[in-house]
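To start, the structure under review is shown below, and the notes come after it.
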Amino acid sequence: MLSFDLDFARGDFTLAARAEVDAGVTGVFGPSGSGKSTLLALIAGLLRPGRGVIRADGDVLVDTASNRFVPPWDRHFGLVFQDGQLFPHLTVRRNLLYGHDRIAPQMRRHDLQSVAELLEIVPLLDRRPALLSGGERQRVALGRALLYSPRLLLLDEPLSSLDERLKQQILPFLRRIKEETRVPMLYVTHSRNEIDYLADAVITMDRGRLGVAP
């Protein structure tokens with residue numbers, strides 16, 4: 001369970017967001033510039049709210065009234081961005097294991113082989129990111145986030161940089177992650193098709209305000 005009640009301002013833009021997110025995939029849907037990525041950055045700890053509270057599984061991650069702010073690396077969320085942001089000097093294998101190797105063994109819920117098979121990237125393990133297609137890079141980014149064994153996956157328009165053909169290739173892998181790993185996801189997109197395919201619940205966002213989709 002994730003809950004948040006946040007206010008944030010930057011320049012002329014203001015965000016006021018309050019919601020509770022349960023298990024499964026929750027889509028955050030709205031036009032470009034509506035504040036979706038800003039909301040994800042606040043939840044991830046990449047931005048600080050002007051006012052508010054964030055809780056995850058009963059843990060208080062942010063409480064501005066008491067000056068509490070848990071840094072991103074201690075929230076144990078997995079992040080996937082539009083371009084994957086792989087480390088170019090590392091092989092696919094080392095990219096996948098980057099977060100996995102930095103958590104305690106008792107926290108690891110997934111292993112390299114099972115994740116690589118789930119995402120069909122076993123043949124890519126010894127390649128460098130420069131030799132991957134856009135769809136392959138996004139699958140590796142998803143695998144790296146999963147191997148961190150996060151309590152929540154935050155996906156910031158992970159398919160927006162791909163053409164329609166590649167999007168149709170990646171969407172089934174996202175559904176497999178949802179169904180086989182049961183890791184909760186907060187999925188930001190401006191694509192209604194992606195929301196309809198993946199999401200169990202939908203929050204709409206427009207000009208920094210949240211609503212519930214029909």
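The values are calculated or read from the model by the stated rules, or taken from the named source; none is laboratory data. All figures in this text were calculated on a predicted structure; none of them were measured in a lab. Virtual Cβ from ideal backbone geometry, glycine too; neighbours counted across all protein chains shown.
Name the residues in segment 121-154 that are in a loop (DSSP other than H, G, I, E, B) and over 16 Å from PHE87 (Cα atoms), would you? Result: ILE121, SER149, PRO150, ARG151. When GLY35 is tested against (1) surrounded by 14 or more Cβ atoms within 10 Å (Cβ to Cβ); (2) free of Cβ contacts under 8 Å to residues at least 40 places away in the same chain; (3) of a type outside the set (S, T, N, Q); (4) at positive phi, only condition (2) is not met.
Just name the residue that is farthest from the chain's Cα centre (by Cα) out of those in segment 91-105 that are part of a helix (DSSP H, G or I) and under 14 Å from ARG151 (Cα atoms). Working first, answer last.
First, the residues of segment 91-105 that are part of a helix (DSSP H, G or I): 92-100, 105.
Adding the requirement that they be under 14 Å from ARG151 (Cα atoms) leaves 99-100.
Working: GLY99: 14, HIS100: 16 Å.
Checked segment 91-105; the qualifying residue farthest from the chain's Cα centre (by Cα) is HIS100.
Being surrounded by fewer than 18 Cβ atoms within 10 Å (Cβ to Cβ), part of a loop (DSSP other than H, G, I, E, B) and at pLDDT 90 or above is the filter here, so list the residues in segment 65-90 that pass it. Of everything in segment 65-90, those that are surrounded by fewer than 18 Cβ atoms within 10 Å (Cβ to Cβ), part of a loop (DSSP other than H, G, I, E, B) and at pLDDT 90 or above turn out to be ASN67, VAL70, PRO71, PHE87, PRO88, HIS89, LEU90.
The set of residues from segment 6-52 being over 18 Å from LEU152 (Cα atoms) and either acidic (Asp, Glu) or touching a Cys at 6+ places or on another chain (Cβ under 8 Å) (or both) comprises ASP7, ASP12.
Looking at segment 161-181, can you tell me whether even one residue there is aliphatic (A, V, I, L, M), in contact (Cβ under 8 Å) with a residue 12 or more places away in the chain and part of a strand (DSSP E or B)? Give the steps one after another, and end with the answer.
Step one: filter segment 161-181 for residues aliphatic (A, V, I, L, M), giving 162, 166, 170-171, 174, 177.
So of that shortlist, the ones also in contact (Cβ under 8 Å) with a residue 12 or more places away in the chain come out as 162, 166, 170-171, 174, 177.
From what is left, the residues that are part of a strand (DSSP E or B) are none.
No.
Residue check: VAL122 meets all listed conditions (1) more than 18 Å from ARG75 (Cα to Cα); (2) of a type outside the set (S, T, N, Q); (3) in contact (Cβ under 8 Å) with a residue 12 or more places away in the chain but one, namely (3).
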